Amino acid sequence: MNTSRNIEEANIVPFQGIPTLAKKLIPDLLQQRVALSGGSTYAALCTSWRRLAPALDGLFFLPVDERITPFASPESNWGEACRTLFFPCNRPDVAQNHPQSVADYERLCNTCMDTEGIPRLDTVFLGVGDDGHCASIFPGTPAAQNFTSPFLATESPRGIRTRITLGFKTILAARTIHMVITGTQKKCCVEWLLQKQPQKPFVQVLLNRTDTHVHLDEALYEYYKNLRGRSR
């Protein structure tokens with residue numbers, strides 16, 4: 001764990017609406033090994049990506065995290081990604097990449113493990129919750145202190161409690177990380193970012209990978225600029 005760098009070295013940029021962001025990010029969606037987050041932000045991105053009719057043949061996709069729930073449930077991150085993006089884009093086989101345990105993750109990632117047992121992913125797409133969680137790594141939990149396990153079983157403080165997730169070890173090893181933060185309720189996340197709050201899992205990603213691409217919606221970016229200006 002490295003907290004010595006300046007978090008502002010991250011590529012923090014604004015975006016003008018989800019369709020514009022989707023178009024910008026699609027080259028990194030079309031990489032060989034990609035992990036995709038769930039939630040409302042990525043549901044919207046998946047819808048926009050689908051409209052761009054990307055050619056997804058031969059690419060490997062898996063969820064960044066998943067709730068322990070049936071694939072058919074609207075609460076399933078991977079089920080929703082498949083129904084929104086992969087099925088319409090002729091990748092029904094991606095439904096098989098629906099982990100429900102750490103062992104499932106290990107099996108799915110078997111072909112992209114390095115010699116140390118760490119998956120080497122090309123792109124990881126992350127969202128951020130209004131409590132500062134990313135993936136299913138929640139503040140104040142053991143997972144938020146675990147930088148050695150590639151995959152983790154975790155507990156959410158709300159919603160479907162039992163989760164599985166890529167750990168920091170896997171996320172930080174990715175070639176490219178995109179983090180999308182949107183919504184007025186996420187102003188607190190901008191504040192935590194500038195304060196370099198290490199208790200917040202998304203901040204830990206930024207502290208340890210200052211080349212992470214951070215995408216803020218226009219309102220949040222203006223808030224970020226204003227706060228940053230006051231702190232100088």
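The values are calculated or read from the model by the stated rules, or taken from the named source; none is laboratory data. Only a predicted model underlies this, so the values are computations on that prediction, with no experimental measurement involved. Quick reminder, even Gly has a Cβ in these numbers, built from the backbone with ideal geometry, and neighbours come from all protein chains shown.
In summary, ILE118 fulfils each of the numbered conditions (1) surrounded by 16 or more Cβ atoms within 10 Å (Cβ to Cβ); (2) modelled with pLDDT of 95 or more with the single exception of condition (2). Looking only at the range 215-230, residues that are more than 23 Å from LYS24 (Cβ to Cβ) and either in contact with a Ser or Thr (Cβ under 9 Å, 6 or more places away or on another chain) or surrounded by 14 or more Cβ atoms within 10 Å (Cβ to Cβ) (or both) come to 1 in all. Just one of the listed residues (GLN204, GLN197) is within 21 Å of LEU172 (Cα to Cα) and in a helix (DSSP H, G or I), and it is GLN204.
The residue of the range 143-169 that is surrounded by the most Cβ atoms within 10 Å (Cβ to Cβ), among those that are at pLDDT 95 or above and either under 25 Å from ALA44 (Cβ atoms) or of a type in the set (Phe, Trp, Tyr) (or both), is LEU166. Here THR69 clears all of (1) among the β-branched types (Val, Ile, Thr); (2) over 14 Å from the mean Cα position of the chain (by Cα); (3) closer than 26 Å to ARG209 by Cα except the condition numbered (3). What are the residues in the range 183-216 that are charged (D, E, K, R) and modelled with pLDDT under 95, if any? Within the range 183-216, LYS196, ARG209, ASP211 qualify. May I ask you to verify whether THR20 is surrounded by fewer than 17 Cβ atoms within 10 Å (Cβ to Cβ), out of contact with any strand residue (DSSP E or B) (no Cβ under 8 Å at 6 or more places or on another chain) and part of a helix (DSSP H, G or I)? Yes: the conditions hold for THR20.
The single condition from (1) within 17 Å of the chain's Cα centre (by Cα); (2) farther than 17 Å from LEU220 by Cα that ILE12 fails is (2).
Take the residues of the range 178-194 that are β-branched (Val, Ile, Thr) and assigned to a helix (DSSP H, G or I): which is farthest from ILE12 (Cα to Cα)?
Filtering the range 178-194 for residues that are β-branched (Val, Ile, Thr) and assigned to a helix (DSSP H, G or I), the one farthest from ILE12 (Cα to Cα) comes out as THR184.
Given the condition among the aliphatic types (A, V, I, L, M), touching a helix residue (DSSP H, G or I) at 6+ places or on another chain (Cβ under 7 Å) and within 21 Å of GLY129 (Cβ to Cβ), answer yes or no: does some residue in the range 65-80 qualify?
No, the range 65-80 has no match at all.
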